[in-house]
Amino acid sequence: MAYKQVRAQYTREFKQEAVRQVHSGQSMAAVAKVLGIPKASLGNWVRLEGRGQLGGCVGDDKEPRVTAEQMEISRLRAENARLRMECEITKKAAAYFAQDTLRGTPGLSK
């Protein structure tokens, strides 16, 4: 039995938010993973936005496939991922400088 694959449809606002996150410095792979979308789709949206051709697939007469709440959850997940990454960088930097400080402590032998 063959199954028909259904393509996901996203609102213009969802696409614009995803593209904005990429333009703000996050990697395409990270944004795609957090938002749960294919990296290739995100790459297409970024390219289309650069040409001024980014539009929504959902018509005005249909209910949006991605609600405002889902969009907010996606935005918060992306922010959470960014903050976790910053925290990891801070931890690694602190550990590095702590080792450097311990090496310079008099009386400490290796």
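In table form, for the structure just shown:
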quantity: Residue in region 14-37 that is more than 22 Å from N80 (Cα to Cα) and either among the aromatic types (F, W, Y) or surrounded by fewer than 17 Cβ atoms within 10 Å (Cβ to Cβ) (or both) present; calculated: no
quantity: Region 1-44 - residue that is over 13 Å from the mean Cα position of the chain (by Cα) and basic (K, R) and, of those, farthest from Q70 (Cα to Cα); calculated: K4
quantity: Pair list, Cβ under 6 Å, 6 or more apart: region 30-52 residue closer than 17 Å to E13 by Cβ, other residue loosely packed, with under 11 Cβ neighbours inside 10 Å; calculated: none
quantity: Filter pass, I89 being more than 17 Å from the chain's Cα centre (by Cα), at pLDDT 80 or above, of a type outside the set (D, E) and assigned to a helix (DSSP H, G or I); calculated: yes
quantity: Residues satisfying the stated conditions in region 8-22, i.e. in a helix (DSSP H, G or I) and out of contact with any helix residue (DSSP H, G or I) (no Cβ under 8 Å at 6 or more places or on another chain); calculated: R12, R20
quantity: Within region 46-73, considering residues that are under 26 Å from R84 (Cα atoms) and not acidic (D, E), the one modelled with the highest pLDDT; calculated: V46
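The values are calculated or read from the model by the stated rules, or taken from the named source; none is laboratory data. On a predicted model such as this, the values are computed, not experimentally measured, just so you know. Counting neighbours? That spans all protein chains shown, and the Cβs are built from the backbone with ideal geometry, glycine included.
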